[in-house]
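Reading through the structure tokens given below for one structure.
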Amino acid sequence: MSSNQTLRLLMPQWQGGNHHAYPLGARLLEWLAPKGNSPTVEVPVKPCKAPSPLRENGIVEQNALLAQLQECEKIIKHHKPKKIVVFGGDCMVEQAPISYLNQLYDGNLGVLWMDAHPDVTTPKEFHHEHAMVLGNLLGEGDPVFAAKVPVKLNPNKVMFGGLQKTTEQETEVIQRLGMRHASPADLAHDSSVILDWIKEEEITKLFIHIDLDVLDASLFRSLLFADPTKDPSAFYHFPQGEMNLSQLARVVQDTTLVTNIVGLGITEHMPWDAIHLQNMLKDFPLLSD
């Protein structure tokens, strides 16, 4: 068991979004981040060379995701941290850390979901688990994964930041549960709408989820929607982020002034240039000697 209060998790999970870019994206995030003195533990993940066609109960690689969730839970319980940092990987990497922290803090954990998407779909609408993770944590989403959450999140203590247009099903969940949300326009110049929520809900412990697709893909290129091998029209029907790095950084920094940040997750990093360079280098002479 670690004596450190903070545990850093590297989880290069790809099955939740079924994309080969996630593992390198996670490793680069962890490499780029300041190191600090907290231990970093890598969660074992089944290797990925290409998208998987395997579906179980309608979900791509469900069994592998369940096994990796269990491994992540085991690591967290061994270290017993008070705070957790997660480098992903698809958004599903955050189920175990958020679930643990919410239980640790008696169901009073606040969650700021900085994401262009709400991640509250169900297997009826989609077959990628990363789009269900917040739903799972709220006791909805995928029933198989929701059953793994002993203490559900209080929807009043969940807020969306940078959220874009939602589907009919997503809108129904958000409205029924009364979850607050702030658009990119709401956050363009200040963070007051989020700070007001923290104050009104008396949130003293906050987990910040950052799906990098909350950013504008024309400004930050390491995103799914900026894949240079795809025709941009392939993504027109998907809501895309509109925030810039300065706005996102300001929101995060402002929250640290009014509450205690006990969790930070950074996910969905797609470093296309590094991925393509890595693939090219595989065919070069001497490099594998």
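Within 21 Å of residue 203 (Cβ to Cβ), in contact with a helix residue (DSSP H, G or I) (Cβ under 9 Å, 6 or more places away or on another chain) and open to solvent by less than 10 Å² (accessible area, probe 1.4 Å), is that true of residue 7?
Details: within 21 Å of residue 203 (Cβ to Cβ): no; in contact with a helix residue (DSSP H, G or I) (Cβ under 9 Å, 6 or more places away or on another chain): yes; open to solvent by less than 10 Å² (accessible area, probe 1.4 Å): yes.
No: the conditions fail for residue 7.
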- Message: For a quick check of your reading of the model, give me the residue pairs whose first member lies in the range 183-202 and is touching a residue at least 40 places away in the same chain (Cβ under 8 Å), whose second is among the β-branched types (Val, Ile, Thr) and part of a loop (DSSP other than H, G, I, E, B), with beta-carbon atoms closer than 8 Å and at least 6 apart or on different chains.
- Response: 195/258; 198/258; 198/259; 199/258
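Confirm whether residue 61 is in contact (Cβ under 8 Å) with a residue 12 or more places away in the chain and closer than 18 Å to residue 127 by Cα. Can you show your working first?
Values: in contact (Cβ under 8 Å) with a residue 12 or more places away in the chain: yes; closer than 18 Å to residue 127 by Cα: yes.
Taking the combined requirement at face value, the residue satisfies it.
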- Query: Taking the range 70-91 on its own, how many of its residues are open to solvent by 10 Å² or more (accessible area, probe 1.4 Å) and assigned to a helix (DSSP H, G or I)?
  - Reply: 8
- Message: Regarding the range 269-278, can at least one residue be identified that is out of contact with any helix residue (DSSP H, G or I) (no Cβ under 6 Å at 6 or more places or on another chain), part of a strand (DSSP E or B) and open to solvent by less than 30 Å² (accessible area, probe 1.4 Å)?
- Response: no
- Residues located in the range 213-225, provided they are assigned to a loop (DSSP other than H, G, I, E, B) and either of a type outside the set (Lys, Arg) or buried (at least 21 other Cβ atoms within 10 Å of the Cβ) (or both): 216, 217, 218, 219, 220, 222, 223
- Message: Given the criteria surrounded by fewer than 20 Cβ atoms within 10 Å (Cβ to Cβ), out of contact with any helix residue (DSSP H, G or I) (no Cβ under 6 Å at 6 or more places or on another chain) and small (Gly, Ala, Ser), does residue 249 qualify?
- Response: yes
- Could you pull out the residue among 210, 194, 261 that is closer than 16 Å to residue 159 by Cβ and assigned to a helix (DSSP H, G or I)? 194
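Looking at the structure I just gave you, is residue 189 open to solvent by 70 Å² or more (accessible area, probe 1.4 Å) and out of contact with any Gly (no Cβ under 8 Å at 6 or more places or on another chain)? Don't jump to the end; show me each part of the working.
Details: open to solvent by 70 Å² or more (accessible area, probe 1.4 Å): yes; out of contact with any Gly (no Cβ under 8 Å at 6 or more places or on another chain): yes.
Considered against the rule, which asks whether it is open to solvent by 70 Å² or more (accessible area, probe 1.4 Å) and out of contact with any Gly (no Cβ under 8 Å at 6 or more places or on another chain), residue 189 comes out as yes.
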- Task: Identify the residue in the range 100-130 that is among the aliphatic types (A, V, I, L, M) and free of Cβ contacts under 8 Å to residues at least 60 places away in the same chain and, among all such residues, is surrounded by the most Cβ atoms within 10 Å (Cβ to Cβ).
- Result: 120
- Sort out which residues of the range 134-165 are part of a loop (DSSP other than H, G, I, E, B) and not charged (D, E, K, R), and write them in order of number. 138, 139, 141, 147, 149, 150, 151, 153, 154, 162, 163, 164
- Message: Tally up the residues in the range 34-51 that are in contact with a strand residue (DSSP E or B) (Cβ under 6 Å, 6 or more places away or on another chain) and either part of a loop (DSSP other than H, G, I, E, B) or at pLDDT below 95 (or both), please.
- Response: 2
- Note on the structure: Residue hits (the range 200-240; polar (S, T, N, Q) and touching a Phe, Trp or Tyr at 6+ places or on another chain (Cβ under 7 Å)) are 222, 240
- Cβ pairs under 8 Å, 6+ apart, first in the range 248-270 and within 17 Å of residue 90 (Cβ to Cβ) and of a type outside the set (Val, Ile, Thr), second in a loop (DSSP other than H, G, I, E, B) and open to solvent by 20 Å² or more (accessible area, probe 1.4 Å): 269/222; 270/19; 270/222
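Taking the criterion of being among the basic types (Lys, Arg) and closer than 20 Å to residue 37 by Cα, would at least one residue in the range 63-77 satisfy it?
From the range 63-77, those among the basic types (Lys, Arg) are 74, 77; that's our starting set.
This time we only want the ones that are closer than 20 Å to residue 37 by Cα, so: 77.
Scanning the range 63-77, I find at least one residue that is among the basic types (Lys, Arg) and closer than 20 Å to residue 37 by Cα, so the answer is yes.
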- Those residues that are free of Cβ contacts under 8 Å to residues at least 40 places away in the same chain, open to solvent by less than 80 Å² (accessible area, probe 1.4 Å) and either out of contact with any helix residue (DSSP H, G or I) (no Cβ under 6 Å at 6 or more places or on another chain) or at positive phi (or both), I need them from the range 21-41; list them, please. 36, 40
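The values are calculated or read from the model by the stated rules, or taken from the named source; none is laboratory data. Bear in mind the structure is a predicted one, so any value in this text is a computation, not a measurement. Don't worry about glycine lacking a Cβ; one is built from the backbone with ideal geometry, like all the others, and counts go over all protein chains shown. Ligands, DNA and RNA are excluded from the accessible area calculation, which covers all protein heavy atoms including side chains. Shrake-Rupley method; radii C 1.70, N 1.55, O 1.52, S 1.80 Å.
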